[in-house]
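The values are calculated or read from the model by the stated rules, or taken from the named source; none is laboratory data. Every value quoted in this text rests on a predicted model; they were computed, and no experiment measured them. Positions of Cβ are generated from backbone atoms using ideal geometry, with glycine treated the same way; all protein chains shown enter the neighbour counts. Accessible surface areas use protein heavy atoms only, side chains included; no ligands, DNA or RNA. Shrake-Rupley method; radii C 1.70, N 1.55, O 1.52, S 1.80 Å.
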Amino acid sequence: MSVGLGIPVVKPASGAGAALADSSARGLAEAPPKPRGAVMLPSDRPDEAGLIDRFGRSGTDLRISLTDRCNLRCTYCMPAEGLPFLAPPSLMSIDEITRFARIAVTEFGVRQVRFTGGEPLLRKDLVEIIRAVAALEPRPEISMTTNAIGLSSRAEALAEAGLDRINVSLDSIEPETFAKITRRPFLSRVLAGIDAVGAAGLVSTKINAVLMPGINDDQAVELLEWALAGGHQLRFIEQMPLDADHVWNRDSMITADGIRERLSVRYLLSPDEAPRDGAPAELFQVRERSAGADGPMLGLVGIIASVSEPFCSDCRRTRLTAEGAVRSCLFSHTETDLLGPLRDGADDRELADLWRGAMWAKPSGHNMNSAGFEQPDRPMSAIGG
Ligand code: SF4
């Protein structure tokens with residue numbers, strides 16, 4: 001995927017020959033060569049172990065993209081014909097993933113590891129990856145964001161390996177609408193995957209849904225009714241400018257206000273008291289409008305309002321792309337390569353400091369609401385959320 005993406009990558013070029021060959025083939029910007037092992041952290045950065053940044057935040061929530069491939073072609077994410085995907089040797093191997101996760105939990109105090117994609121279920125070694133990360137001390141909470149296709153046959157093995165939680169991306173329970181959005185007739189396989197989660201003894205499933213005007217925004221109440229009945233926590237996510245086609249348009253997205261308005265036709269929403277703790281979703285208690293504010297609480301619904309009500313000031317996320325680059329923010333325009341140095345013999349201290357340097361430079365936020373906003377080149381399918 002990085003071929004032709006033209007994302008500037010900060011690369012310590014020790015073992016310069018190999019690094020140079022690699023980076024020039026991938027057409028990426030180069031840092032001047034330095035002797036191996038000497039990662040200079042920015043002089044203004046305090047000497048702290050964690051993934052701190054200049055805005056007082058610390059990265060304790062690690063998202064690891066396992067692949068950029070996906071078996072769906074969602075209209076707000078990928079073109080119908082797909083994208084030029086990464087060649088397998090460019091992907092992090094199970095040992096490399098485990099090493100990065102180990103550095104994260106032992107050096108940075110990372111407590112949550114989430115596997116994403118593309119579609120992580122497309123990794124044949126997914127169970128082994130989860131088992132290896134679950135064996136780390138201290139053990140992080142392990143979760144996964146998936147489209148659940150194929151989950152029905154793997155949920156038990158994933159749970160047994162150490163997976164704790166699952167988020168499933170699902171924008172409609174109407175077969176026609178599902179096929180229109182994903183360009184695939186796979187709704188029944190997704191629903192079978194969701195059913196298998198409970199049977200596998202995993203904690204209840206969170207469902208992530210994107211509403212689009214004229215496509216599925218009239219199904220918001222139906223989706224919530226279905227999720228409440230199934231004991232799933234539904235979260236509506238504002239559509240973000242991370243589509244590969246770069247056709248996202250602020251005026252055509254449904255904002256948090258629009259989501260609340262659509263749900264309020266049937267439901268009463270009241271802010272949940274539980275602390276948000278840096279989580280992307282703002283949670284609301286759900287009651288039947290007809291029962292009034294004292295009516296029974298039916299469950300919780302979440303709204304992830306990245307665009308209209310950003311939550312960057314308490315962001316705790318740090319990300320690794322499938323090819324082993326640190327993205328300090330979902331909307332970063334630069335990345336820091338860790339996989340090249342690792343394969344070039346870097347030790348843990350060097351890798352950890354490269355990661356620390358990358359997070360120190362994390363932007364204050366996505367800048368989407370300012371005139372100068374530029375959509376990043378890397379699409380969501382190659383970041384993984
Ligand atoms: S946009 Fe960037 S800073 Fe803001 S919440 Fe997302 S990852 Fe964090």
The chain - Cys residues lacking any other Cys C-beta under 4.7 Å: Cys70, Cys312, Cys315, Cys329
By average C-beta atoms within 10 angstrom, highest first, the peptides 240-249, 71-80: 71-80, 240-249
Per DSSP, loop trypsin sites (Lys or Arg not before Pro) in segment 211-295 with at most 14 further Cβ within 10 Å: Arg276
Near-label residues of segment 355-374 by backbone N, under 12 Å of a point 7 Å along Cα→Cβ of Glu48: 360
Euclidean distance between Cα centres, segment 269-325 to segment 34-100, Å: 24
Residue-wise HN-Hα coupling along segment 108-117, computed from phi with Karplus coefficients 6.51, -1.76, 1.60 (Hz; x: Gly, Pro): 10, x, 5, 10, 10, 10, 10, 8, 9, x
Segment Ala135-Phe373, extension gain: residue separation times 0.36 nm, minus the distance between their alpha carbons: 81.5 nm
Share, in percent, of DSSP beta bridges within the chain that are antiparallel, nearest 5: 35
Carbon plus sulfur fraction of accessible area for segment 76-144, probe 1.4 Å, in percent: 56
Packing-based ranking, highest mean first, of 45-54, 317-326, 147-156 given that Cβ atoms within 10 Å are counted: 317-326, 147-156, 45-54
The chain, accessible area per residue, ligands and nucleic acids excluded (1.4 Å, Å²): 41
Percent carbon-and-sulfur accessible area, segment 204-309, ignoring ligands, DNA and RNA, probe 1.4 Å: 50
³J(HN,Hα), Karplus 6.51/-1.76/1.60, whole Hz, each residue of segment 247-263, x for Gly, Pro: 10, 4, 9, 4, 6, 9, 8, 9, 7, 4, 4, x, 5, 4, 4, 5, 6
CD proxy at 222 nm, helix term only [per DSSP H run n ≥ 4: -39500 (n - 2.57); per residue of the chain; nearest 500]: -7500 deg cm²/dmol
